[in-house]
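Down below is the structure, laid out as structure tokens.
Please treat every number below as a calculation from the coordinates, not as lab data. Fair warning: this is a prediction, and the values are worked out from it, not measured in the lab. Positions of Cβ are backbone-derived with ideal geometry, glycine not excepted, and every protein chain shown enters the neighbour counts.
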Ligand SMILES: [Zn+2]
């Protein structure tokens, strides 16, 4: 997501902007969004299911049927957000 003050890209999990120190809007609960890929952040409530792919990769299936690839490095964040073990 984007910092409201300096407009730079910051991690969805952070509570402060690492560039200007502005607090990230508290209206967004910490686990409402999860980053599943370098350029992909999904709303946890929109995830319908997670499907295992080959080689330990996973794909997220949204309620609207959209399929998104999960980066292997983001799998743990997804597990934490959903409260499941993949
Ligand atoms: Zn900032």
Which shape class, rounded, prolate or oblate, goes with the chain when its Cα gyration tensor gives a ≥ b ≥ c as root eigenvalues, a/c under 1.5 marks rounded, and past that a/b bigger than b/c marks prolate?
-> prolate
Given the Cα-Cα distance of residue 39 and residue 20 and 0.36 nm per residue of separation, how much length would full extension add, in nm?
-> 4.7 nm
Segment residue 82-residue 59, length gained on full extension (0.36 nm per residue, minus Cα span) | 6.9 nm
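For the chain, calculate the relative contact order in percent as a whole number, restricting contacts to Cα pairs under 8 Å that are 6 or more residues apart. Could you put the intermediate results ahead of the total?
Values: 123 pairs, mean separation 16.7, N = 86.
For the chain, the relative contact order is 19 percent.
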Taking only the alpha-carbon atoms of the stretch 33-82, what semi-axes of the equivalent ellipsoid follow from 5 times the gyration tensor eigenvalues under a square root, in whole Å, largest first?
-> 15, 13, 10
With each label point set 7 Å from Cα along the Cα-Cβ vector, what nm distance links residue 8 and residue 72?
-> 3.0 nm
